[in-house]
Amino acid sequence: MAQPRVLVIGGGLAGLAATMRLAELGVDVDLVSLVPVKRSHSVCAQGGINSVNALTRQQGDSEWKHLDDTVYGGDFLQHQPPVKEMADWGPRIIDLMDRLGVPFNRTSEGFRDQRRFGGTLYKRTAFAGATTGQQLLYALDEQVRRWEVAGKVKKWEFWDFLGPVLDDSGRCRGAVCQDLVTMQFKAFPADAVVLATGGNGLIYGRSTMSMVCTGSAVSRAYRAGAWYGNGEFIQVHPTAIPGADKLRLMSESARGEGGRVWVPRIPQDPRDPRSIPEAERSYFLEERYPKYGNLVPRDIATREIFDICTTDGLSVEKDRLCVYLDLTHIPRETLDRKLGGILEIYEKFQGVDPRVTPMKIFPAVHYSMGGLWVDYEKSGTGGMVEGSIRNQQTNLPGLYAIGECDYQYHGANRLGANSLLSCIFSGLFLAPSLVNVCGGKPGGDTTRLFEAEIRRQEERHRELLGRTAGDENPYALHQELGNLMTRVATVVRRNDQLEAAYDDVCEMARRWKRCAVSDTGNWTNQNVVFTKSLGDMFPIAKLILKGALLRDECRGAHFKPAFAMPGLAATDPVEKRREAEQWCDSFEANTEKWLKSTIAACGPDGDPEISYQEIDTSLIPPRPRLYGLVGGDAIEEVWKQRQGSVATSREAVVPVGAGS
Ligand SMILES: Cc1cc2nc3c(=O)[nH]c(=O)nc-3n(C[C@H](O)[C@H](O)[C@H](O)COP(=O)(O)OP(=O)(O)OC[C@H]3O[C@@H](n4cnc5c(N)ncnc54)[C@H](O)[C@@H]3O)c2cc1C
C-alpha cells in the first residue's frame with residue numbers, strides 16, 4: 001500500500017501544528033506556503049494564548065468557564081461541542097508549547113505568568129512578552145524542521161495554492177499549485193488536503209493583518225464548491241495605530257496590563273494629555289462597564305470608541321478620529337518586560353514613547369470570525385470524537401480547513417487570545433482524523449484530473465499575462481474595494497449602503513477582467529500573482545456584504561442601528577420592570593429568528609447563495625450579553641427569573657448531564 005500523504009496549505013500556527021502531529025503519526029506531508037513559513041502572519045500575534053491554568057483554578061476558573069466566556073463572547077453563534085473540546089485542550093496545549101521551548105513570561109516564583117484579556121474576569125492568558133505568536137511559531141517551525149530532516153515533511157515555500165482538484169464524485173484528491181519563482185505549475189496528489197491559510201483582511205485594503213492575508217486560497221476552495229460560514233462577522237479591533245500603508249495593532253495586552261482608554265471631557269482639548277486632570281477625563285469604558293472595564297469584548301469596546309468619537313464628538317483630534325490608550329501610570333520596568341514588543345512598534349511608527357505619553361488609537365479591521373464551513377462529530381460528553389473523519393472537514397470530502405480560515409470556534413465575536421489556541425488546537429486535533437482518512441483512501445487513477453487542471457491554470461495564467469492593454473490598474477481597484485468595504489461593512493452597517501455596495505463590488509469584479517498587468521515576464525511575477533488574488537477577493541467580499549445585508553439584527557461584531565435593542569429608559573421601578581420584560585421578549589424572538597449560521601455557497605454565476613443552519617447550543621443556553629452594563633441590571637434580573645423557571649421545569653423531565 002502506498003504511504004499516506006497529506007497536503008497542508010499554509011505554515012502558520014494551524015498548518016505547522018497539523019504538520020508536526022501528522023508526521024509524528026507516520027503520515028508524509030507536503031507543506032505549501034506563499035511565504036517562508038516563519039513569515040506566516042501568526043508571527044505577528046502579540047498578546048497571548050488562552051487556557052485555564054493552576055492560578056485561575058484557585059480563583060474558581062475551569063474549562064467550563066472558558067467555554068462559557070467564549071460562547072458568551074461570540075454571542076452564541078458557534079456550535080458548542082468544538083468550543084468545549086478546544087477549552088478542554090487548552091492546558092495541554094500550553095504545557096506542550098512550554099515543553100517545546102516557548103519562553104513564556106514567568107513570575108518571580110517561576111510559574112508561567114498570566115494576564116487578563118477581554119471578555120473574561122480571569123487572568124487566563126499565557127504570554128511571551130508581546131511577541132507570543134512569534135515564539136509559538138518558531139517553536140513549531142523547529143519541530144517541523146526535525147521532521148523535514150527525517151524525510152517526513154517536504155516544504156514548498158513561495159508556492160501559491162490555485163485550487164483543489166476534485167474527482168467525479170466531488171471528493172478532493174489533491175491540488176494544483178504554482179511556483180512563485182519559476183511560475184511553473186505542479187500537481188500535488190494527496191489523500192487529504194488541509195487549508196490553513198489564515199484570514200482575509202486585505203479585502204478591506206488596510207487592516208492589522210499581514211499583506212499576504214488576501215483570502216485567495218479560501219476563495220478558490222469556495223469557488224470549487226466549499227461552503228463559507230458566517231462571512232459577515234468581521235472583527236474590528238478597538239486599538240490600532242493608523243498608517244498610510246497598513247494599520248498596526250496595539251494589542252489587547254496593553255489593556256490586560258492595566259492600560260486605560262479615555263478621552264478629554266472637553267472636545268479636542270488642546271492641552272498635553274498628561275496635564276489634563278483626572279476629573280476632566282472620561283474613562284468611558286470603565287464608567288459604562290464597571291465590571292469588565294477596559295476589558296469588555298472587542299466588539300463592544302470598538303463600538304464605544306467609535307461612538308464616543310462620532311456621536312459624542314469627543315475624538316482627541318478633530319481631523320483624525322482617535323482616543324487615548326494610556327500606559328503612563330505603569331512602571332517602565334513592567335512595561336518593558338511585558339509589553340516591550342508592541343511599545344517598540346508604537347515608538348517606531350509614531351515617534352512617541354508610550355511609556356511617557358498616552359498613545360492615540362482607533363479601531364481597525366483585524367480578524368474574520370467567518371471562514372470555510374467545517375463539520376465535527378459530537379462526543380457523548382459534549383465535545384468532539386477524536387479521530388472522526390468529519391472533524392474540520394469542509395462539505396467537500398477530503399478537503400479540510402483549520403485555523404483562522406475555518407468558521408468554527410469564535411461565533412459572532414472572537415475573544416482576544418483565543419485564536420492562537422483555536423489554530424494550534426484545530427491543527428493538533430485534526431491529525432488523527434486524517435490518519436483515518438488515509439486508511440480508507442479511494443482508489444482510481446487521477447492523472448487525467450491533474451493534467452486537465454494544470455492545463456486550465458496555465459491557460460488562465462497566459463490569458464492574464466497577455467492582458468497588457470486593459471484600462472484598469474489592479475492596485476487602484478484594490479484600494480477602491482478596500483475603501484468601500486471599510487466604509488460599509490465594518491463597525492456600523494446599514495441596509496441601503498450594503499445593497500449599493502454589493503452592486504458596486506459586482507461591477508468591480510467585471511472591471512477586474514480589464515485589469516492590465518505591467519509585468520509580463522514569467523519569473524517571480526508578483527504583479528500577476530497579486531492580480532489573481534485581487535480577482536479572488538470579490539467572491540468573498542460579495543458573501544460578506546450579502547450575509548450582512550440579509551442578517552437584520554445586531555449580534556457580536558455585526559451591528560445595524562436599525563435593529564439595535566436600546567437599553568431601558570424608565571427610572572420608575574414598575575415601568576423599568578415592564579420595559580425589561582419587553583426587552584427580554586424581543587431578545588427571545590430575535591434569538592429564535594437569527595441564532596443561525598449563515599452559509600454561503602458559490603452559485604453558477606459567482607454570486608453567493610445564502611442559507612442558514614441551526615446551531616448546537618446544547619451545553620449553555622443563549623442569554624443577553626450585557627457585561628455588567630450600567631442600567632442592564634433590570635434586564636439581567638428578569639432574564640435570570642425566566643431561566644430559573646425554565647430550568648425548574650426542565651429538571652422535572654430531563655436529567656441534565658452537561659457541565660461536568
Ligand atoms: C497584529 C495581530 C496580532 C494578533 N495577536 C493575537 C494574539 O495575541 N492572540 C491570539 O489568539 N490571536 C492573535 N491574532 C490572531 C492570530 O494571529 C491569527 O488568527 C492566527 O495567527 C492565524 O493563524 P493561521 O495559522 O490560521 O494562519 P496564518 O498564520 O495567517 O498563516 C497562513 C498561511 O497560509 C499561507 N497561505 C495563504 N494563502 C495561500 C495560498 N494561496 N497558497 C499557499 N499558501 C497560502 C501563508 O503563506 C501562511 O503560511 C492577532 C492578529 C493580528 C492581525
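The values are calculated or read from the model by the stated rules, or taken from the named source; none is laboratory data. The structure presented is a predicted model; accordingly, all values stated were derived computationally and were not measured. Here Cβ is always computed from backbone atoms with ideal geometry, including for glycine, and neighbour counts include all displayed protein chains.
Annotations
- Residue 55 more than 16 Å from the ligand (Cβ to nearest atom) and either among the β-branched types (Val, Ile, Thr) or not in a loop (DSSP other than H, G, I, E, B) (or both): yes
- Flag if residue 424 is in a loop (DSSP other than H, G, I, E, B), buried (at least 20 other Cβ atoms within 10 Å of the Cβ), assigned by TED's automatic domain parsing to the domain that holds residue 195 and among the β-branched types (Val, Ile, Thr): no
- Apart from one condition, residue 70 fits all of (1) in a helix (DSSP H, G or I); (2) of a type outside the set (A, V, I, L, M, F, W, C); (3) in contact with a helix residue (DSSP H, G or I) (Cβ under 8 Å, 6 or more places away or on another chain); (4) modelled with pLDDT under 95; the exception is (4).
- Members of segment 87-107 that are of a type in the set (Gly, Ala, Ser) and closer than 22 Å to residue 43 by Cβ: 90, 101
- Inclusion of residue 417 among residues that are surrounded by 19 or more Cβ atoms within 10 Å (Cβ to Cβ), touching a His at 6+ places or on another chain (Cβ under 9 Å) and over 30 Å from residue 529 (Cα atoms) is not warranted.
- Unmet requirement for residue 46, which otherwise passes all of (1) within 14 Å of the ligand (Cβ to nearest atom); (2) under 21 Å from the mean Cα position of the chain (by Cα); (3) assigned to a helix (DSSP H, G or I): (3)
- Per-region count, segment 556-583, residues buried (at least 18 other Cβ atoms within 10 Å of the Cβ) and under 25 Å from the mean Cα position of the chain (by Cα): 5
- In segment 498-536, the qualifying residues are those that are among the β-branched types (Val, Ile, Thr) and outside any loop (DSSP other than H, G, I, E, B), and the one that is nearest to residue 486 (Cα to Cα) is 505.
- Residue under evaluation residue 291, criteria (1) within 28 Å of the chain's Cα centre (by Cα); (2) part of a loop (DSSP other than H, G, I, E, B); (3) free of Cβ contacts under 8 Å to residues at least 12 places away in the same chain, criterion not met: (3)
- Filter result for residue 285 (buried (at least 22 other Cβ atoms within 10 Å of the Cβ) and more than 16 Å from the ligand (Cβ to nearest atom)): yes
- For residue 150, the conditions (1) buried (at least 16 other Cβ atoms within 10 Å of the Cβ); (2) touching a residue at least 60 places away in the same chain (Cβ under 8 Å) are fulfilled apart from (1).
- Scan of segment 336-352 for residues that are over 17 Å from residue 133 (Cβ atoms) and either of a type in the set (Lys, Arg) or touching a helix residue (DSSP H, G or I) at 6+ places or on another chain (Cβ under 6 Å) (or both), ordered by number: 337, 348
- Candidates 404, 377 - the one that is at pLDDT 95 or above, more than 16 Å from the ligand (Cβ to nearest atom) and either farther than 21 Å from residue 23 by Cα or in contact with a Cys (Cβ under 8 Å, 6 or more places away or on another chain) (or both): 377
- Once segment 584-640 is narrowed to residues that are of a type in the set (A, V, I, L, M, F, W, C) and surrounded by fewer than 16 Cβ atoms within 10 Å (Cβ to Cβ), the residue that is nearest to residue 551 (Cα to Cα) is 589.
- Residues satisfying the stated conditions in segment 235-252, i.e. polar (S, T, N, Q) and either near the ligand (Cβ under 10 Å from one of its atoms) or in a loop (DSSP other than H, G, I, E, B) (or both): 235, 251
- Qualifying residues in segment 2-34 (those that are at pLDDT 95 or above and part of a loop (DSSP other than H, G, I, E, B)) - the one surrounded by the most Cβ atoms within 10 Å (Cβ to Cβ): 12
- Across segment 3-18, the number of residues qualifying as over 21 Å from residue 93 (Cα atoms) and more than 9 Å from the ligand (Cβ to nearest atom) comes to 5.
- First in segment 176-200 and in the same structural domain as residue 405 (by TED's automatic domain parsing), second anywhere and at pLDDT below 95 and near the ligand (Cβ under 9 Å from one of its atoms), Cβ under 6 Å, 6 or more apart: 199/209
- The lone exception for residue 335 - which of (1) part of a loop (DSSP other than H, G, I, E, B); (2) out of contact with any strand residue (DSSP E or B) (no Cβ under 8 Å at 6 or more places or on another chain); (3) among the aliphatic types (A, V, I, L, M) it fails: (1)
- Of all residues making up segment 210-234, the number that are within 9 Å of the ligand (Cβ to nearest atom) and more than 30 Å from residue 397 (Cβ to Cβ): 1
Results for (1) modelled with pLDDT under 95; (2) not hydrophobic (A, V, I, L, M, F, W, C), shown as yes or no for each residue.
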| position | (1), (2) |
| --- | --- |
| 126 | no, no |
| 129 | yes, yes |
| 137 | no, no |
| 154 | no, yes |
| 158 | no, no |
| 178 | no, yes |
| 193 | no, no |
| 206 | yes, yes |
| 219 | no, yes |
